[in-house]
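Input: a single structure, listed below in structure tokens.
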Number of protein chains: 4
Amino acid sequence: MIKVGIIGVSGYAGAELLRLLLNHDEVKVVSIEARSYQGQPISDLYPSFYQVCDMICESDEDVLQKAELIFASLPHGLSEKYAKYCDENNKKFIDLGADFRLDSEQDYQEWYKLDYHEKALHDKQVYGLSEVNREKIKTATLIGNPGCYPTSITLGLYPLLKEKLNLNKHIIIDSKSGTTGAGKSLSEDTHFPKCNESFHPYKLGTHRHTPEIEQELSKMANDDIQVTFTPHLLPVNRGIVSTIYVDLKPEVSLDDVYQIYQNYYSQEYFVRVLPKGKIADLKFVKYSNFCDISLHLDERYHRLIIVSTIDNMVKGAAGQAIQNMNIMYGLEETKGLKMVPPSF
Amino acid sequence: MIKVGIIGVSGYAGAELLRLLLNHDEVKVVSIEARSYQGQPISDLYPSFYQVCDMICESDEDVLQKAELIFASLPHGLSEKYAKYCDENNKKFIDLGADFRLDSEQDYQEWYKLDYHEKALHDKQVYGLSEVNREKIKTATLIGNPGCYPTSITLGLYPLLKEKLNLNKHIIIDSKSGTTGAGKSLSEDTHFPKCNESFHPYKLGTHRHTPEIEQELSKMANDDIQVTFTPHLLPVNRGIVSTIYVDLKPEVSLDDVYQIYQNYYSQEYFVRVLPKGKIADLKFVKYSNFCDISLHLDERYHRLIIVSTIDNMVKGAAGQAIQNMNIMYGLEETKGLKMVPPSF
Amino acid sequence: MIKVGIIGVSGYAGAELLRLLLNHDEVKVVSIEARSYQGQPISDLYPSFYQVCDMICESDEDVLQKAELIFASLPHGLSEKYAKYCDENNKKFIDLGADFRLDSEQDYQEWYKLDYHEKALHDKQVYGLSEVNREKIKTATLIGNPGCYPTSITLGLYPLLKEKLNLNKHIIIDSKSGTTGAGKSLSEDTHFPKCNESFHPYKLGTHRHTPEIEQELSKMANDDIQVTFTPHLLPVNRGIVSTIYVDLKPEVSLDDVYQIYQNYYSQEYFVRVLPKGKIADLKFVKYSNFCDISLHLDERYHRLIIVSTIDNMVKGAAGQAIQNMNIMYGLEETKGLKMVPPSF
Amino acid sequence: MIKVGIIGVSGYAGAELLRLLLNHDEVKVVSIEARSYQGQPISDLYPSFYQVCDMICESDEDVLQKAELIFASLPHGLSEKYAKYCDENNKKFIDLGADFRLDSEQDYQEWYKLDYHEKALHDKQVYGLSEVNREKIKTATLIGNPGCYPTSITLGLYPLLKEKLNLNKHIIIDSKSGTTGAGKSLSEDTHFPKCNESFHPYKLGTHRHTPEIEQELSKMANDDIQVTFTPHLLPVNRGIVSTIYVDLKPEVSLDDVYQIYQNYYSQEYFVRVLPKGKIADLKFVKYSNFCDISLHLDERYHRLIIVSTIDNMVKGAAGQAIQNMNIMYGLEETKGLKMVPPSF
């Protein structure tokens, strides 16, 4: 049994992580932390845990001492010190926040307005996109777990960019996310009477996931990929749909693209390339760790439309973190994550 | 491994049953049937199953032959022949429909406009309210799995009626159900633009769950209990909330009621009596087999208000069916059903 | 043109009032007030007003000076001073809050924990249930506009209680309200990921509308009526459905009840008694000033079930306030309120 | 009073048209038709009309004879004969369907698989995009009322294309529509348990609004504009958001674009160009005839993102039809359409 702890269990990603870990039979959650709720049972915050898990929220020190693997789910800028402690004390660390995703401190400074204080630490970070970086994750001790939007987008574009099927370097990404992506904090935009029966884009051209997306896509393409990324707020609880527009090279057919995607993903349990003609729908990945991808061609202009959908809380956060844990510990990669998504 | 089969897998309860059974490690689903989809994979009907379970829908005969335990989830009037076959062939049968719930053929005739053709069979039926009828279920071979509304209501009233805390025999039950309760068939009432942002009662005084509710409540009370039962359609996918009004005997306090409910349910994994002051919310039982109950007193008139909530598809259908299977086969009762409900 | 002003335009009821008044051709809104937004255009708060009405929020003094009729939509305890000013300065005052609804200061103290400072003023207050108190409203200068739940409930019970068709004095009311009833202030319960796909009762036996309901029902019955009132939070934006349970006198048939309701309401534009067999649905009153009522009998126990539904923001707040204004000024009662509710 | 009639009142657009026309004080609706409901009052189909308008559905002949202006809201292929009758009998005809939108019969044949039987008639048709074709509409007798998606898109791009601010001729349009766009007919995709908490694109590259969009954009640009148009189904009742991606000419700044849009639309009541920095949201146009537009620049690639939002049932159908009627009859253009959209 792996002894794991969670720092920041009170947020949505932290709570989802706990929920999923309780379903994992090679893990024991030994300590959980929630700064504002120390001493209270988790079921006070989330009554769904009542009588199933009435663990008490402890201090961050408790978590650090008791666990061998620490998950952190915190606002940016707060994870470095925990990662440093783990590094110095031979513990593993998986960060669900943004502090260990960007390779370039300059990007971090520009988009998050903060510095990297522990530069050596950042040399050790591995970007936890499980399917793409599996080999590095196996031996990693410090994982920067990908953002939700970046997960849907990078998995959706990986085979295409890797195989250089794209005609040019500009990609348009129109993404839509459920409201859990905005987190547990109250806000005007997620006030029910405002959010319900509403829909709009936000942070056009300024969303912090942009440098993360471009960093990973550029690595895949081994070239400088540029994206126009427009997130929208969907009046649903969970799920991301990214609709991605890429001009295909003229000599590449839709069947070619399908063939390549299937080659890349046929061995991947969690990435499902839908049969030709089917359309990905967030409904069919909700509450699961799947990423469903469908491929479409606007024949008239030979433009590929990739639809990539995940549950932002699972594959886009807690589920992928557990998948990474499984990889790091040499467990079956699907352990604790095999639930079939409900259809309704 | 128990070899199970499902007749009627295309409906919501059947599909949910399959989904949950795939998560049960002492069960092997050997055959599934869906009349209109024979020869098609289940993932054609429910794409969420894609690549996880691509079982092909077979004939009812296939299911009957291959399985030792048959679940049926069918419109009323269609299960008797399958139950008879099982009875004659030493197989177990759990019916998620209404055909084996009513003790009285007269009730069945009055409310369902059909006869019991196999009267001897009905003498063997056991009403599968797991917590209440556990002993009978252990040795049963033919289970009438309770309806969704009756499950929320009977569990909510069981300790009260058993201990005769009620002042009179008339009980008012105001229930609200999510739309999956109306099934997979298209209807005006569940057409999105009509149903969304809507709310209304339906079948006032005429819902077919009424005789089932009164039958079971009367058994609990060992007296003739009469209910006014008003179901409403909630614009959510899942979940039932029953708000139940009962006049308490003057000498019984709210604390007494709490004490008694806790006594009855403290050993029950799936029934959670919430701490005093908390209010049951369908949100916290969704996608789980829990029944959450909260108790409240209108002090001015000494009237007890019981709030009982379940997921209509799980504890109200497929989950309780699996719980009954676990009991029948001497398995751990929570097997395959221990998922923590998601809070969002 | 009546010169009207609104104090408290930033809340939902205030904003709805402004929206509806802009559609009223015998009214000129001369000043609006919103304490935290003084100097800002209303369209900053509610972009739907952009370019249609970009009035600037002014001070309460501005409103009091410029208008001849002042509407106030404020938290309880804040309206008395404005009402007093209007009383002294020969202006009319319609309060959408709770400060002028309760006849008994003792009730106000018990339920709102505040005193009446201007007792003489309260002798002048008229409870603005338009259909019931029309004659008094005609000459009133100070209106306590009814609460949303009380409007749906009192209109639903008026003919029954007035004609003494009820067998006893205890009435059970199970009400469900959309989220705008909880107001514009952010709260856990109305945070989208929590509220969406959720349902639960709240304030069981303690909701502040209870004394208002009992006061008005008792006046109608000329007797001491007692209610068990259970409000629930519906995951929709607007609308209230009250499901009301009353034991009928044995000699009264459902047809009798229909006849009496039709007699009472046939001349009322805004109260629609649905044809026998139809069921009231909040969908069909949304965005309108209608109160739809349907009547049902649980024949087995001769219990009447009254379903009464309104839009909480219109007939339950701003619409009825305008209806009262129309009555006070001798205008056509439906002026500015004749929109057909949208069906989708 | 203009005597108007509606053929096809039972569909959503027809019913919305009736609802809005009842609010128009220079119009008298003299006859309505709904093939499957002849002899029934409209309130049987849509109870929201009960007691406000209990008009009986008549035959198409009744409508044609009684009215001077006929609106038709029918499946494609059914309007031509009515338009012909009107043409021959000196009546005006506004078609809310697709039969008179496409200039090219070849486009109609390709996308709708039908012929133009009355070719002379089609020479008279005017595309009813009110703001753009106002002068032609003034004297038109046969209007092809624009589709919902095309309205949001063409108004969003009009100033840009007219002023040739775009760098190239390929435009990517990612649109999202509420479920009323799918109409009143029951379908899997709009079955509540499927649609709710769901989101997906549909008809990628094949939606029938594509030729209409390209036709109108090409006219505006006086050039051959090509679009990749991807519609998505939003789990809300009403509203369209089109997110449009266009590469700007390098010498054109965002401020330039704003200036030009304001010039074009400052005199238009129904098109609101939001202040710089604000983002259009379908919430703020719902139940209104407004088209809200916001403009954004992805500075890094000088790509303009236009967000254009309408209520698909009003500006996208019935409202624009009434606006066109007002223009044709020389009435104030906003007549019957001035309601402020509700914010919640």
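In loop segments of segment A:127-215 as defined by DSSP, there are no trypsin sites (Lys or Arg not before Pro) with at most 11 further C-beta atoms inside 10 Å of their C-beta.
Please report the antiparallel percentage of DSSP beta bridges with both residues in segment D:149-311, rounded to the nearest 5. For segment D:149-311, the DSSP antiparallel bridge percentage is about 70. What residues from segment C:229-271 fall in the zone where the backbone N is under 16 Å from a label point 7 Å along the Cα-to-C-beta line of C:Thr334? Zone members listed by number: C:265-271.
Using the Cβ-Cβ distance between D:Asn263 and A:Lys203 with R0 = 22 Å, the FRET efficiency computed as 1/(1 + (r/R0)^6) comes to roughly 0.20. Taking all protein chains as shown and a probe of 1.4 angstrom, B:Met313 keeps an accessible surface of around 10 Å². Spin-label model, D:Lys136 to C:Tyr301: label points 7 Å out along the Cα-to-beta-carbon direction sit 6.7 nm apart.
Surface listing: D:Asp311, A:Asp87, D:Asp25 arranged by accessible area from highest to lowest gives D:Asp25, A:Asp87, D:Asp311, probe 1.4 Å.
Placing a label point 7 Å from the Cα of C:Lys276 along the Cα-to-Cβ direction, the residues of segment C:135-162 with a backbone N closer than 18 Å are C:160. Under a Gaussian network description of chain D, with springs only between Cα atoms under 10 Å, the residue in D:Cys291, D:Cys53, D:Cys148 that fluctuates furthest is D:Cys53.
Database remark: amide H of D:Ile2 closer than 5 angstrom to the amide H of D:Val27, D:Lys28 (H placed geometrically; neighbours at sequence offset of 5 or more, or on other chains; Pro and chain starts carry no H). Summing charges over neighbours of C:Val132, with a neighbour being any other residue whose Cβ is under 12 Å away from its Cβ, gives 0 when K and R count +1 and D and E count -1. Rounded to the nearest 10 square angstrom, D:Glu58 shows an accessible area of 40 square angstrom against a 1.4 Å probe. A simple count of charges around D:Ser59, restricted to other residues whose Cβ falls under 10 Å of its Cβ and scoring Lys, Arg +1 and Asp, Glu -1, yields -4. Each residue of segment C:178-192 was assigned a 3J(HN,Hα) from its phi angle through the Karplus curve 6.51 cos²θ - 1.76 cosθ + 1.60 (θ = phi - 60°); the sequence is x, 6, 5, x, 7, x, 7, 5, 5, 7, 3, 5, 10, 6, 3 Hz, with glycine and proline shown as x. With label points set 7 Å from Cα along Cα→Cβ, the inter-copy distances at D:Lys3 are 4.7, 7.7, 9.0 nm, sorted shortest first. Each residue of segment B:205-222 was assigned a 3J(HN,Hα) from its phi angle through the Karplus expression (A = 6.51, B = -1.76, C = 1.60, θ = phi - 60°), giving x, 10, 5, 5, 7, 4, x, 5, 4, 5, 4, 6, 5, 5, 4, 4, 7, 6 Hz with x at Gly and Pro.
Between amide H atoms placed 1.01 Å from N, distances below 5 Å from A:Ile94 occur with A:Ile70, A:Phe71, A:Ala72, A:Ile143, all of them 5 or more places distant or on a separate chain. Other residues whose C-beta falls under 14 angstrom from the C-beta of A:Thr151 contribute a net charge of -3, scoring Lys and Arg +1 and Asp and Glu -1. Here is how far apart the D:Gln106 label points are across copies: 5.3, 7.8, 8.8 nm, shortest first, using a point 7 Å from Cα toward Cβ.
Among bridges DSSP assigns within chain A, what percent are antiparallel (round to 5)?
Approximately 45 percent, going by the DSSP bridge assignments.
Quick one: go through segment B:246-274 and flag any residue whose amide nitrogen is under 18 Å from the point 7 Å out along the Cα-to-Cβ line of B:Asn222. Those under the cut-off are B:264. Looking at the protein assembly as shown alone, DSSP beta bridges between its own residues are antiparallel in about 45 percent of cases. Partner shielding of D:51-59 amounts to 2, given as the average count of beta-carbon atoms from other chains within 10 Å of each residue beta-carbon. Take each residue in A:172-182, count the other chain C-beta atoms within 10 Å of its C-beta, and the mean is 5. Distance from the Cα centroid of segment A:188-218 to that of segment B:188-251 is 41 Å (rounded to whole angstrom). Take B:Arg35, move 7 Å from Cα toward the beta carbon, and the resulting point lies 3.0, 6.0, 6.5 nm from the same point in each other copy, nearest first. If I ignore ligands, DNA and RNA and count only protein heavy atoms, how much of C:Val252 is accessible to a 1.4 Å probe, in Å² to the nearest 10? About 10 Å², rounded to the nearest 10.
Close amide H partners of C:Leu297, meaning residues 5 or more places away or on another chain with modelled amide H under 5 Å apart, are C:Ile305. Computed from Cα atoms, the angle from the helix C:12-21 axis to the main principal axis of chain C rounds to 80 degrees. Residue and distance for the chain B Cβ closest to the axis that moves B onto D, in whole Å, come to B:Leu186, 2. Placing a pseudo-label 7 Å from each Cα along the Cα-to-Cβ vector at A:Gln38 and A:Lys81 gives an inter-label distance of 1.2 nm. Mean per-residue shielding of peptide B:266-279 is 2, counting Cβ atoms of other chains within 10 Å of each Cβ. A simple rule links phi to the HN-Hα coupling: the Karplus curve 6.51 cos²θ - 1.76 cosθ + 1.60 with θ = phi - 60°, which for segment A:230-243 gives 10, x, 10, 9, 8, x, 9, 6, 9, x, 10, 10, 10, 9 Hz, with x for Gly and Pro. Normalised by the number of residues in chain A, the average gap of Cα pairs under 8 Å and 6 or more apart makes the relative contact order 17 percent. Give me the angle, in degrees from 0 to 90, between the Cα long axis of helix A:130-139 and the longest principal axis of the Cα atoms of chain A, rounded to the nearest 10. It is inclined by approximately 40 degrees.
The values are calculated or read from the model by the stated rules, or taken from the named source; none is laboratory data. None of these values were measured; they are calculated from a predicted model. All Cβ positions, glycine included, derive from the backbone under ideal geometry; neighbour counts span all protein chains shown. We work out accessible area using only protein heavy atoms, side chains counted, and drop any ligands, DNA or RNA first. Shrake-Rupley method; radii C 1.70, N 1.55, O 1.52, S 1.80 Å.
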